[in-house]
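Here the structure is laid out as structure tokens; the discussion comes afterwards.
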Amino acid sequence: MTSTTQLTVPADSLFGLINLPYGVYSTPGQEPRVATRYGDHVIDLALLLDDDVFARPSLNAFMAQGHTRWVEVRAGITERLRGEIPTEAVHDLGAVTLHLPFEVADYVDFYASEHHASNLGRLFRPDNPDPLMPNWKHLPVGYHGRAASVVVSGTDVIRPSGQRKGPQDPAPVFGPSTRLDIEAELGFVLGTGSAMGESIGAEDAERHIFGVVLFNDWSARDIQAWEYVPLGPNLGKSFASTVSPWVVPLLALDAARVPTPVQEPAVLPYLRMEQPWGLDVDLSVEWNGQVVSRPPYASMYWSPAQMLAHQTVNGAPSRTGDLFASGTVSGPEKEQRGAFIELTWGGKEPITVNGQERTFLEDGDEIVLTATAPGADGTRIGFGEARGRILSGKRRRSGDALDR
């Protein structure tokens with residue numbers, strides 16, 4: 001006879017029945033499998049639900065089954081966790097290894113915060129009376145990143161090298177980035193996509209978006225500054241992006257939906273929504289254990305649905321496992337800025353971290369993003385963490401050749 005157990009979690013847990021995020025775990029000697037988190041327990045879903053789609057090393061096969069199936073499974077997990085469940089399906093959180101929860105098919109990063117875009121405009125174009133570029137309020141600006149560089153929380157990040165040229169340098173030089181930064185963001189995971197030549201309407205986007213992760217788009221500002229005109233970020237962004245190991249279902253975030261800020265001028269028809277929605281998610285940025293910023297996602301100008309609609313409106317195909325991120329989340333106050341280039345105003349206004357004045361990241365620094373959102377029963381929902389530590393970059397033989 002299979003042994004069973006009944007689990008209880010504290011009433012104020014960030015991972016109660018109103019959350020039930022999805023992730024991928026393994027134990028020693030076991031291949032990765034899909035699970036949910038319930039309190040500090042990791043629950044094997046293949047064993048809980050007797051469904052082999054979860055006995056796989058990623059969420060992609062399940063996500064591809066579509067919105068109706070997502071609703072059914074979420075209800076099934078909730079029902080099962082209210083009663084007796086197989087003991088073999090339960091693991092302590094501290095006893096498992098967590099993996100990248102989905103196979104990243106493609107990755108796009110947006111620039112959806114008006115506060116962030118305005119701050120960077122004032123930094124980079126101080127003589128321009130309008131800090132925003134002319135297109136910014138007409139479309140969600142974004143760029144394509146590198147899917148292979150998306151890593152799960154806890155993965156160390158090697159300091160990138162590349163070309164950089166300071167204002168007083170007569171010519172570019174090659175070497176490790178000296179202005180390494182973070183971008184605190186939310187990432188949106190696509191469950192079902194669209195065929196080439198088709199598009200996803202803004203009002204239909206929520207049936208395609210499976211869930212939400214924390215996202216740190218590590219940024220080498222000096223490499224980025226030299227390369228990004230006229231075609232945009234490349235090596236300054238492509239070396240690493242960190243995601244949390246738990247994908248919070250969009251279905252769990254109904255109570256967190258809030259209107260976006262008023263969008264003026266009026267957007268074009270393909271971006272119009274009866275009510276553009278954002279999410280009331282409060283992020284926190286820890287730098288070597290000290291909270292240095294609390295960015296509010298509710299302040300974001302562009303809705304996730306509008307980002308997806310824009311991304312596909314030209315007929316570009318989208319696939320299960322596509323990831324699109326919001327861009328830096330920043331609020332109107334200094335302590336709400338989600339990137340250090342903003343927080344330290346380009347390095348001119350250092351902040352104190354553990355008694356030391358700091359501007360950009362040094363080797364050995366560790367950044368941890370966390371976040372919570374309101375849940376349906378008045379408690380809070382958690383997202384886990386996106387953690388990464390900076391390691392010294394090693395010069396490669398091919399890189400040395402670029403100096404000559």
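Note on exposure: T2, T379 ranked by accessible area (1.4 Å probe, complete protein assembly) read T2, T379, with the most exposed listed first.
Annotation: M300 carries an accessible surface of approximately 10 Å², with a 1.4 Å probe and no ligand, DNA or RNA atoms counted. Residue by residue, the stretch 190-207 carries 3J(HN,Hα) couplings of 7, x, 10, x, 9, 6, 4, x, 9, 9, 10, x, 4, 6, 9, 4, 5, 7 Hz when phi is fed to the Karplus relation 6.51 cos²θ - 1.76 cosθ + 1.60 (θ = phi - 60°); x denotes Gly or Pro.
By definition, a body whose alpha carbon gyration tensor gives a ≥ b ≥ c is oblate when a/c is 1.5 or more and a/b is not larger than b/c, and the stretch 220-287 fits this oblate description.
Ordering D50, D40, D282 by how much accessible area each has at a 1.4 Å probe, largest first, what is the list?
Descending accessible area places them as D50, D40, D282.
The amide H of G384, built 1.01 Å from its N in the peptide plane, has A371 as neighbours under 5 Å, considering only residues 5 or more places off or on other chains.
Loop-only GluC sites (Glu not before Pro) in the stretch 270-358, please: DSSP not H, G, I, E or B, and at most 13 other Cβ atoms within 10 Å. Please report the intermediate quantities before stating the final value.
Details: sites: E274, E286, E333, E335, E342, E357; in loops: E274, E333.
Of the GluC sites (Glu not before Pro), the ones in loops of the stretch 270-358 whose Cβ has at most 13 other Cβ atoms within 10 Å are E274, E333.
May I ask you to give the percent of accessible area on the stretch 15-174 that is carbon plus sulfur, with a probe radius of 1.4 Å? Here carbon and sulfur together make up 51 percent of the probe-accessible area. Subtracting the Cα-Cα distance of R207 and S3 from 0.36 nm times their residue separation leaves 69.7 nm of extension gain.
Of the whole protein surface, T8 contributes about 110 Å² of accessible area at a 1.4 Å probe radius. Across the stretch 323-329, rounded Karplus estimates of 3J(HN,Hα) from the backbone phi angles (6.51 cos²θ - 1.76 cosθ + 1.60, θ = phi - 60°) give 10, 10, 10, 7, x, 3, 8 Hz, Gly and Pro being marked x. Decide, for the stretch 40-108, between rounded, prolate and oblate: order the square roots of the alpha carbon gyration tensor eigenvalues as a ≥ b ≥ c, take rounded if a/c falls under 1.5, and otherwise choose prolate if a/b is larger than b/c, else oblate. The shape class here is oblate. Say we join alpha carbon atoms closer than 10 Å with springs in a Gaussian network model of the chain; which of N119, N354, N60 then has the biggest fluctuation? Result for the chain, Cα springs under 10 Å: N354 fluctuates most.
Relative contact order of the stretch 1-140: 26 percent, from C-alpha pairs under 8 Å at least 6 residues apart in sequence. Please give the Cα centre distance for the stretch 302-324 versus the stretch 106-144, rounded to the nearest Å. What the calculation gives is 19 Å, centre to centre.
Largest mean-square fluctuation among G384, G166, G347, in a Gaussian network model of the chain whose springs join Cα atoms under 10 Å apart, belongs to G166. For V151, the residues 5 or more places off, or on other chains, whose built amide H falls under 5 Å of its own are S241, T242, V243. For the stretch 156-310, the solvent-accessible area of protein heavy atoms averages 38 Å² per residue (probe radius 1.4 Å; ligands and nucleic acids excluded). Exposure check, 1.4 Å probe, all protein chains in place: K334 carries approximately 80 Å² of accessible surface. When only DSSP loop residues count, what GluC sites (Glu not before Pro) in the stretch 176-230 have their Cβ near at most 15 other Cβ atoms within 10 Å? Hits after loop and neighbour filter: E198.
For the stretch 254-404, the share of accessible area belonging to carbon and sulfur comes to 47 percent (1.4 Å probe, ligands and nucleic acids excluded).
The values are calculated or read from the model by the stated rules, or taken from the named source; none is laboratory data. Bear in mind that the values here come from a model prediction, so they are computed numbers and not experimental data. Cβ: placed from backbone, ideal geometry, glycine included. Neighbour counts: every protein chain shown. We work out accessible area using only protein heavy atoms, side chains counted, and drop any ligands, DNA or RNA first. Shrake-Rupley method; radii C 1.70, N 1.55, O 1.52, S 1.80 Å.
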